[in-house]
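J.: Take this structure first; my questions come after.
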Amino acid sequence: MAFELPPLPYAEDALEPDYSARTISFHYGKHHKTYVDTLNKLVAGTDLEGQTLEAVIMAVAGKPDKQAVFNNAAQVWNHTFFWNSMKPGGGGAPTGALGDEIVVAFGSYAEFVEAFKAAAAGRFGSGWVWLVADNGDLKIVSTSNAEMPAAPGVTPLLVVDVWEHAYYLDYQNLRPGYAQVFFDKLVNWDFAAMNRANTK
Ligand code: MN3
């Protein structure tokens, strides 16, 4: 069975005005869809066909002759994770256990956001910035292009897409401003807290 573009967890205009329907129409409807379509073409007729997305990613990671498969499979996974990292009416400091952990790890929510913005600004070219649980410790990590945090004991909790296509229509070149709005208005802490709980 071919890979399918997962449904968006909200309507395309649900994050207006902070993340526009126009951006989502391209980012989800074109970019994310193209990764799915390309992946299906690349695995057709190979022993990867019919496997789960996660199994394909694990099977080809680190193999230079399978770089194109990895790039497209990882980008399918990363984008689905990104859509779930936002929600209508999101944003603001998290409450509960995850909120307490962020204060312990970063000093305050504001300091966490500043550190995340610095990681976003510091990612040269295209990539992703993640909040992860690293063997119990919360950390901010950034990855290049399609890469995801995959070290043993490292679990992604949420992600911000910092490819230009993720923010250029709404924020032009202002990547840190986009990251600020992500944490002020868009972030889905329920999703991050669920992912954190699953690591315990
Ligand atoms: Mn993207």
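J.: Would you work out if segment 94-176 is rounded, prolate or oblate? Take a ≥ b ≥ c from the square roots of the eigenvalues of the alpha-carbon gyration tensor; rounded if a/c is under 1.5, else prolate when a/b is larger than b/c, oblate otherwise.
T.: oblate
J.: Let me ask another. Pop a pseudo-label 7 angstrom from the Cα along the beta-carbon direction at both Ala150 and Val103 and give the gap in nm to one decimal.
T.: Rounded to a tenth, the inter-label distance reads 3.7 nm.
J.: Relative contact order for the chain: what percent, with Cα pairs under 8 Å and sequence separation of 6 or more?
T.: Reported as a whole number, the value is 24 percent.
J.: OK, next. Suppose every K and R has +1 on its Cβ and every D and E has -1 on its Cβ; what is the size of the dipole of segment 96-197 about the Cα centre, in Debye to the nearest 20? Walk me through the numbers on the way to the answer.
T.: Details: 6 positive and 12 negative charges, 30 e Å.
The calculation lands at about 140 debye.
J.: In addition: Along the positive direction of the dipole of the chain (beta-carbon charges: Lys, Arg +1; Asp, Glu -1; about the Cα centre), which of Met1, Gly62, Gly91 reaches farthest?
T.: Highest projection toward the positive end goes to Gly62.
J.: Only four residue types carry charge here, +1 at the Cβ of Lys and Arg and -1 at the Cβ of Asp and Glu. Report the dipole size of the chain about the Cα centre in Debye, rounded to the nearest 20.
T.: 220 debye
J.: What value, in deg cm²/dmol to 500, does the helix sum -39500 (n - 2.57) over DSSP H runs of n ≥ 4 give at 222 nm once divided by the residues of the chain?
T.: After summing the helix terms and dividing by the residues of the chain, the value is -13000 deg cm²/dmol.
J.: I'd like to check one number: the per residue accessible area of the chain, probe 1.4 Å, reported in Å² as a whole number.
T.: For the chain, the solvent-accessible area averages 47 Å² per residue.
J.: Of the GluC sites (Glu not before Pro) in segment 33-110, which ones lie in a loop per DSSP and count no more than 15 other C-beta atoms within 10 Å?
T.: Working: sites: Glu49, Glu54, Glu101; in loops: Glu49.
The qualifying sites are Glu49.
J.: Next question, about the same structure. If ligands, DNA and RNA are left out, what is the accessible area of Ile57 with a 1.4 Å probe, given in Å² to the nearest 10?
T.: Near enough 10 Å² of accessible area.
J.: Relative contact order of segment 96-197, please, whole-number percent, based on alpha carbon pairs below 8 angstrom and at least 6 residues apart.
T.: In percent, rounded to a whole number, it is 25.
J.: Assign one of three labels to segment 1-114, namely rounded, prolate or oblate, based on the Cα gyration tensor with a ≥ b ≥ c the square roots of its eigenvalues; rounded applies when a/c is under 1.5, prolate when it is not and a/b is larger than b/c, and oblate otherwise. The partial results should precede the final answer.
T.: On the way: a/c = 2.87, a/b = 1.62, b/c = 1.77.
It comes out oblate by the Cα gyration axes.
J.: Sticking with this structure for a sec: Taking R0 as 30 Å, what's the FRET efficiency between Glu4 and Leu174 from their Cβ-Cβ distance, rounded to 0.05?
T.: About 0.35, to the nearest 0.05.
J.: Another question, then. Expressed in nm², what is the orientationally averaged projection area of the convex hull enclosing the Cα positions of segment 1-66?
T.: Taking a quarter of the hull surface, the average projection is 5.5 nm².
J.: Next question, about the same structure. Near Tyr109, within a Cβ-to-Cβ distance under 13 Å, what is the net charge of the other residues, with Lys and Arg +1 and Asp and Glu -1? Spell out each step's value before the answer.
T.: Working: positive: Lys117; negative: Asp100, Glu101, Glu111, Glu114, Asp184.
Charge balance near Tyr109 sits at -4.
J.: Sticking with this structure for a sec: Could you give the DSSP H helices of the chain that reach 18 angstrom or more along their long axis (alpha carbon positions) and whose average Kyte-Doolittle hydropathy is no lower than -1.0?
T.: 67-84, 109-122
J.: In cubic angstrom, how much convex hull volume per residue do the alpha carbon atoms of the chain span? Present the calculation step by step, with values, prior to reporting the outcome.
T.: Details: hull volume 22.7 nm³, N = 200.
Taking the convex hull of the Cα positions in the chain, it is 114 Å³ per residue.
J.: Which residues in segment 36-51 have a backbone N closer than 17 Å to a point placed 7 Å from the Cα of Asp65 along the Cα-to-Cβ line?
T.: 42-49
J.: How long is the gain from Ala14 to Ala121 if the chain were fully straight, where each residue apart is worth 0.36 nm and the alpha carbon distance is subtracted?
T.: The span from Ala14 to Ala121 would gain 35.9 nm if fully extended.
J.: I would also like to ask the following. How much of the accessible area of the chain, in percent, comes from carbon and sulfur atoms when a 1.4 Å probe is used? Write down the numbers at each step before the final one.
T.: Details: 5310 of 9490 Å².
For the chain, the apolar C and S fraction of the accessible surface comes to 56 percent.
J.: Still on this model: What shape does segment 49-98 take by its C-alpha gyration tensor, where a ≥ b ≥ c are the square roots of the eigenvalues and a/c under 1.5 counts as rounded, a/b above b/c as prolate, and the rest as oblate?
T.: Prolate, since a/c reaches 1.5 and a/b exceeds b/c.
The values are calculated or read from the model by the stated rules, or taken from the named source; none is laboratory data. On a predicted model such as this, the values are computed, not experimentally measured, just so you know. No Cβ is skipped: glycine too gets one built from the backbone with ideal geometry, and neighbour counts run over all protein chains shown. The area values use the complete protein model at the heavy-atom level, side chains included, leaving out ligands, DNA and RNA. Shrake-Rupley method; radii C 1.70, N 1.55, O 1.52, S 1.80 Å.
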